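Here the structure comes first, spelled out in structure tokens, and everything after it is commentary.
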Amino acid sequence: MFTRGWPPFEMVVEGEPQGAALDIFRASMPDGVEPVVSMKPAARSALRERGDTLYTRLECIDWMDDAENFLWSEPVMTLETVLYSTSAHPVEYRGESSLYGLTIGCIKGFNYPEVETLFESGKANRYNVNSDLVLLRMLKAGRVDVALFDRATVNWLIRNSIELRPEDYHVAADPLGRSQLRFAFSKSPEMIPLLKSINERIRVNREQGVYDRIMEQYR
């Protein structure tokens with residue numbers, strides 16, 4: 001898990017690692033598999049390690065530049081990337097041109113495939129911060145024009161904040177994109193037979209609404 005957190009998927013509450021990612025992991029693994037949580041400032045780097053320990057994270061293939069270096073599970077759920085602005089200066093997303101000239105708040109180190117060409121071309125400015133909560137505060141204060149969040153994270157943060165209110169913000173009607181959240185595993189021969197069992201359980205869980213019920217606890 002990221003030491004800086006990824007609410008509501010990865011959080012530390014009263015010193016204990018918690019969150020939807022752990023709940024989804026426990027629901028997805030075959031009997032007898034239990035998580036050992038490792039907190040790392042660069043958590044994705046653990047997936048690249050080779051050794052006796054097998055690492056996994058909830059990730060999206062399109063977030064990873066070297067996705068081919070990992071083993072991937074079946075999709076667990078869909079994440080939407082949404083555009084937030086302030087209620088005083090609402091911005092709707094109507095394709096890339098609707099973001100021209102804007103300063104877009106992003107999480108440092110995160111990849112946003114939907115708008116990367118805007119940053120590369122200089123048609124929009126990327127402003128990086130380390131925390132979604134800090135980004136929400138900056139947006140409210142007008143230090144960025146708009147900000148990008150996954151819908152689950154921003155809903156959780158605003159609901160649990162004493163300083164931020166839903167009415168402070170405008171959510172663009174059209175999401176920027178959708179990504180399939182999956183488990184990424186260390187690429188190891190030991191994982192191949194286990195992955196088949198994991199995928200079977202994931203398919204059953206999706207059909208039975210297990211993941212929807214887990215996420216309801218974090219909305």
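Among residues of region 3-25 being in a loop (DSSP other than H, G, I, E, B) and modelled with pLDDT under 90, the one that is least open to solvent (accessible area, probe 1.4 Å) is GLY5. In region 151-160, the count of residues that are within 24 Å of ARG44 (Cα to Cα) and among the basic types (Lys, Arg) is one or more. Here SER131 fulfils each of the conditions (1) free of Cβ contacts under 8 Å to residues at least 40 places away in the same chain; (2) out of contact with any Phe, Trp or Tyr (no Cβ under 9 Å at 6 or more places or on another chain) apart from (1). Selection over region 182-219 of residues that are closer than 30 Å to ASP145 by Cβ and either in contact with a Pro (Cβ under 7 Å, 6 or more places away or on another chain) or without any contact (Cβ under 8 Å) to a residue 24 or more places away in the chain (or both) gives a count of 1.
ALA173 passes every criterion in (1) hydrophobic (A, V, I, L, M, F, W, C); (2) in contact (Cβ under 8 Å) with a residue 60 or more places away in the chain; (3) not in a loop (DSSP other than H, G, I, E, B) apart from (3). When ARG143, ARG137 are checked against the criterion of being at pLDDT 95 or above, in contact with a Phe, Trp or Tyr (Cβ under 9 Å, 6 or more places away or on another chain) and open to solvent by 40 Å² or more (accessible area, probe 1.4 Å), a single residue qualifies: ARG143.
Would you mind finding the one in LEU176, LEU164, LEU181, LEU157 that is open to solvent by less than 70 Å² (accessible area, probe 1.4 Å) and within 19 Å of TYR55 (Cα to Cα)?
Being open to solvent by less than 70 Å² (accessible area, probe 1.4 Å) and within 19 Å of TYR55 (Cα to Cα) holds for just one of LEU176, LEU164, LEU181, LEU157, which is LEU181.
On the stretch given as region 62-80, residues that are open to solvent by 20 Å² or more (accessible area, probe 1.4 Å) and within 12 Å of the chain's Cα centre (by Cα) total 5. Of the residues making up region 106-122, at least one is modelled with pLDDT under 95, part of a loop (DSSP other than H, G, I, E, B) and in contact with a Gly (Cβ under 8 Å, 6 or more places away or on another chain). Just so you know, in region 89-108 the residues that are in contact (Cβ under 8 Å) with a residue 24 or more places away in the chain and open to solvent by 40 Å² or more (accessible area, probe 1.4 Å) include one that is farthest from LEU176 (Cα to Cα), and it is HIS89.
The values are calculated or read from the model by the stated rules, or taken from the named source; none is laboratory data. Predicted model only: the values in this text are computed from it and were never measured. Backbone-built Cβ (ideal geometry, glycine too); neighbour counts: all protein chains shown. Quick note on the areas: whole protein, heavy atoms, side chains included, nothing else; ligands and nucleic acids left out. Shrake-Rupley method; radii C 1.70, N 1.55, O 1.52, S 1.80 Å.
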